[in-house]
Amino acid sequence: MATGCTSGAPALAPGTNSIPDVPVKQGGSLVIGAEQEPDCADWIATCAGSIWGTYLMQAQTIPQVFTVVQQGKDWVPVASDLMAETPTTEVAEGRQTITYRINPAAVWSDGAPITSADLKYTALQIRDGKDIFSRNGYDLIDSVDTPDARTAVVTLKSPYANWRQLFGAEFGVLPAHLLEGKDRNALMKNGYTFSGGPWKIASWVRGTSVTLVPNEGYWGPKPHLDKVTFQFTTDTAAEFQAFASGQLDALYPTPQLDVLSQINSLGGSANMQVESRTGNLQALWMNNSTFPFDSVAVRQAFAYSVDREAIVRKLFGSLGVGAPAQSFLSPLVSAFAADDFAVYRRDVNKVREIMTAAGWAKNGEGIWSKDGRAAQFTIVSLAGNQSRELTEQILQSQLRQAGFKMTIKNTSAANLFGKVAPAGDFQLGLWTLIDTFPVPTLDATFASTSIPSAANGDSGINFIRANIPGLDSLLGRVSTDVEQTSRMQASRETEKLLAESVPSLPLGAVPNILLTAKKVGGPISINPVQGPFWNLAQWGLAK
């Protein structure tokens, strides 16, 4: 158990879960707080960068081939109900084929069957389209054959260890009969009427809420509730006040400094789950193409300027997390992680040594300067998020003492993930990297081929513009090598190279917290990959 509590209340043990599985009645509605509003609902486009879009709409309406379930202590991929059987794969002569057989009961909300044409449409949109969130894996597709309406055979140019991620939580499967030959982004970005899941989007009132209603055409178990409204509440204090007053029935808040005192103030009016084995990794993201972080020396000096342990203990100590992350791999995929970033502990003497050797000297204000330019920069994160704002304030003080000047300019989630980050229009960012599948996928974040550019149709999520010699080939091995020992070795080499060049700096694994009112029933639990509302159809009003 980590120390560092700041509230006087005892630390919550990871795995705490006071949410009972109680029977529910049919009908009724719930209002759930949502900390972020996505920029768009075109799930394969870069504008869909906010994970809350997945939580609110994508996971509820878009079918996927593999889902993730808990087996023992691990979260593992299993074929979803969309599949008639588990997909099979074969590697021969340097190529890989994957065969998908679709459940004959699976239909879209308009009654049209979900077919192999839908898998083909989705795969080729991602492989060949512009402004794609990530092509990883799909860029290896050589062909998609559809021998019949219920069978799709995908052939990859080379083996891909992460093949189960295709058509999974990141993108799912889209309806070809409604989208092919049309402007997909225009039809989907502001919400859509079709569904292949248990819910449909009834409305999206920007700035206010998203409302879901049951998909009456869903082939699986129907939702218990008549309606669920996700109310956008981006201000942390307002979010807890609304929950305490009964305006919100559930919260999935970013862990805050005073989260324990806020939870304790609720008395016995709430149930709670805390989970530290998550897919969440909070980091400081340095734009490698922009001054001053276009210098390896500056990035290294920056890393030695930050007391990451103090920040993590301050923010998450009361939730059982007290040590900083020493890898960009989240706890969900920790088997592939190393601890090479452990070398970076606050050391102002090391900062002075690195900066001086690189030709920097402090100006009259005590700020490092070189060629007439001072080492000053702006950080961007989520406005109204108390945890992020506190982190920035601590950073500002630590960096100033080390000779760096940082200003703060926060914005909305829609603007940050839909516009600012994809365009590379920032110097330093503070946000959380979230694994959407229990496999290592750092190639999406750090491979040079994932830098959005005209050459790749402005696709990819290497928003920091990292381009490290030798890294792409290592990342490729981690994603594609089907031999586990070799894959693990490549991952360790990747970690070492990342720590040496410091394209960004990991802070800590962010615990998940789910709060529900006593009136909420059902088998409620956090899925670290698919989010807290992964089984929303099973939620209801307690009997």
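The values are calculated or read from the model by the stated rules, or taken from the named source; none is laboratory data. Predicted model, so just to flag it, every value in this text is computed and none were measured. In this analysis, Cβ positions are derived from the backbone assuming ideal geometry, glycine residues included, and neighbour counts consider all displayed protein chains. Surface areas here come from the heavy atoms of the whole protein model, side chains and all, with no ligands, DNA or RNA. Shrake-Rupley method; radii C 1.70, N 1.55, O 1.52, S 1.80 Å.
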Next item on the list: Please list, ordered by first then second residue, the pairs with beta carbon atoms under 6 Å, 6 or more apart or interchain, first in region 222-236 and of a type in the set (D, E), second surrounded by fewer than 18 Cβ atoms within 10 Å (Cβ to Cβ) and not in a loop (DSSP other than H, G, I, E, B).
Entry: D226/S29
Check: If you take just the strands (runs of 3 or more DSSP E) that sit entirely in region 306-411, which of them hold at least 3 residues that are touching a residue at least 12 places away in the same chain (Cβ under 8 Å) and over 22 Å from the mean Cα position of the chain (by Cα)?
Finding: 376-380, 405-408
Next item on the list: Evaluate region 527-540: report whether one residue or more is touching a Leu at 6+ places or on another chain (Cβ under 8 Å) and open to solvent by 30 Å² or more (accessible area, probe 1.4 Å).
Entry: no
Notebook entry, point to check: Residues of region 12-36 being at pLDDT 95 or above and either open to solvent by 20 Å² or more (accessible area, probe 1.4 Å) or in contact with a His (Cβ under 8 Å, 6 or more places away or on another chain) (or both), which ones?
Noted result: V24, K25, Q26, G27, G28, S29, V31
Checklist line | Hits in region 372-388 (condition: within 16 Å of F417 (Cβ to Cβ) and not charged (D, E, K, R)) | finding: I379, V380, S381, L382, A383, G384, N385
Note to self: I want to confirm something. Restricting to region 312-354 and keeping residues that are of a type in the set (S, T, Y) and buried (at least 21 other Cβ atoms within 10 Å of the Cβ), which single residue is modelled with the lowest pLDDT?
What the structure shows: S318
Next item on the list: Output the residue which, of all residues in region 432-489 that are hydroxyl-bearing (S, T, Y) and not in a helix (DSSP H, G or I), is surrounded by the fewest Cβ atoms within 10 Å (Cβ to Cβ).
Entry: S453
Check: What is the one condition in (1) farther than 30 Å from V107 by Cα; (2) at pLDDT below 95 that F232 does not satisfy?
Finding: (2)
Next item on the list: Could you please find all residues in region 105-134 being open to solvent by 20 Å² or more (accessible area, probe 1.4 Å) and of a type in the set (D, E)?
Entry: D110, D128, D131
Next item on the list: Would you be able to say whether some residue in region 67-88 is of a type outside the set (G, A, S), open to solvent by 30 Å² or more (accessible area, probe 1.4 Å), in a strand (DSSP E or B) and farther than 25 Å from L332 by Cβ?
Entry: yes
Checklist line | Unique match (being closer than 22 Å to E85 by Cα, touching a helix residue (DSSP H, G or I) at 6+ places or on another chain (Cβ under 9 Å) and in contact (Cβ under 8 Å) with a residue 12 or more places away in the chain) among N162, N103, N136 | finding: N162
